[in-house]
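To start, the structure itself, in structure tokens.
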Amino acid sequence: MQTLPTAQFMRAAGRPADFPPPGPPEVAFAGRSNVGKSSAINALLGRRSLARTSKTPGRTQTINFYEMGAAARIVDLPGYGYARVPKPLREQWRQLVGSYLQDRPSLAGVVLVMDARHPLTDLDAQLLAWLGRFPTLALLSKADKLSRREQELTLKECASRLADAPHVRVALFSSTTHQGLEEARGALAAWLLAERNAEPAGKNKKPPVKGI
Ligand code: GTP
Ligand code: MG
């Protein structure tokens, strides 16, 4: 079983000036509101309630940094696409998350969490376009809400829609049943803990952030 170092809350940043200076490699969790980003972080780190989760969409409004000792960091991004968020807040989101994703030399990989029942929405596609060829793990979350057959179909459909994006790996995932947990932990460990032996972080420069 893949284990990750113990994580603890480091900082919540509501504006770029509050981001901790880039340090060890970090993996950011992105995706629409309420898809299960914070729950995925807790499941992957084996912690019940490290990252705050909620039934109310838009729970995570700040960028929350978690540190695994001095070795690595996990970053919980606020979700996008919640229709009831007022326009000025959406703009604030774009500036906050945009400035993080665009200019973070220590970012080693992005986990794009998508509800397995509605994957690859327009906003998800926009985010993937922003990320360019950046290493991405697309988790089809809440897979427990689908039958085995539906899971297979969704996975196949997503893989085919992402056929021209070999830097994006797709996997089924459930924070509730822990389906896909080991595979996702393996991907995180490869990004976070093997990075030291790899090329310097920031090698995959991302295009400028627009829209969403
Ligand atoms: P924001 O911070 O608002 O963007 O949401 P989030 O993406 O962090 O979602 P969060 O982890 O807070 O989960 C939202 C809701 O979905 C909560 O009620 C969770 O209990 C539920 N949930 C998350 N993951 C799963 C899962 O794998 N299966 C099921 N059945 N429910 C899940
Ligand atoms: Mg959250």
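The values are calculated or read from the model by the stated rules, or taken from the named source; none is laboratory data. These numbers were taken from a predicted model, which means no experiment stands behind them. Cβ: placed from backbone, ideal geometry, glycine included. Neighbour counts: every protein chain shown. Remember, those area values only see protein heavy atoms, side chains included, never the ligands or the DNA or RNA. Shrake-Rupley method; radii C 1.70, N 1.55, O 1.52, S 1.80 Å.
Of all the numbered requirements in (1) farther than 25 Å from HIS178 by Cα; (2) in a loop (DSSP other than H, G, I, E, B), SER49 misses one, and that requirement is (1). Could you go through the range 18-27 and let me know if any residue there is aliphatic (A, V, I, L, M), in a strand (DSSP E or B) and open to solvent by 10 Å² or more (accessible area, probe 1.4 Å). Checking the range 18-27: not a single residue is aliphatic (A, V, I, L, M), in a strand (DSSP E or B) and open to solvent by 10 Å² or more (accessible area, probe 1.4 Å).
In the set ALA72, ALA13, ALA30, ALA7, only one residue is surrounded by 17 or more Cβ atoms within 10 Å (Cβ to Cβ) and under 13 Å from the mean Cα position of the chain (by Cα); that residue is ALA30. Is there a residue being under 30 Å from SER49 (Cα atoms), touching a Lys or Arg at 6+ places or on another chain (Cβ under 9 Å) and either open to solvent by 50 Å² or more (accessible area, probe 1.4 Å) or at pLDDT 90 or above (or both) anywhere in the range 197-208? For the range 197-208, residues under 30 Å from SER49 (Cα atoms), touching a Lys or Arg at 6+ places or on another chain (Cβ under 9 Å) and either open to solvent by 50 Å² or more (accessible area, probe 1.4 Å) or at pLDDT 90 or above (or both): absent.
Of the residues making up the range 171-193, those that are hydrophobic (A, V, I, L, M, F, W, C) and away from ligand 1 (no atom under 16 Å from the Cβ) are ALA187, LEU188, ALA189, ALA190, TRP191, LEU192, LEU193.
PRO57 passes every criterion in (1) open to solvent by 30 Å² or more (accessible area, probe 1.4 Å); (2) away from ligand 1 (no atom under 16 Å from the Cβ); (3) in contact with a Phe, Trp or Tyr (Cβ under 9 Å, 6 or more places away or on another chain) apart from (2). Among (1) in a loop (DSSP other than H, G, I, E, B); (2) surrounded by 22 or more Cβ atoms within 10 Å (Cβ to Cβ), where does ASN64 come up short? Unmet for ASN64, out of (1) in a loop (DSSP other than H, G, I, E, B); (2) surrounded by 22 or more Cβ atoms within 10 Å (Cβ to Cβ): (1). Pairing each residue of the range 98-118 that is under 14 Å from ALA184 (Cα atoms) with any residue that is open to solvent by 10 Å² or more (accessible area, probe 1.4 Å) and among the charged types (D, E, K, R), provided the two are 6+ apart or on different chains, yields C-beta distances under 7 Å for VAL113/LYS37. Of all residues in the range 124-142, those satisfying the criterion of being more than 19 Å from LYS156 (Cα to Cα), among the aliphatic types (A, V, I, L, M) and either within 16 Å of ligand 2 (Cβ to nearest atom) or within 14 Å of the chain's Cα centre (by Cα) (or both) are LEU127, LEU131.
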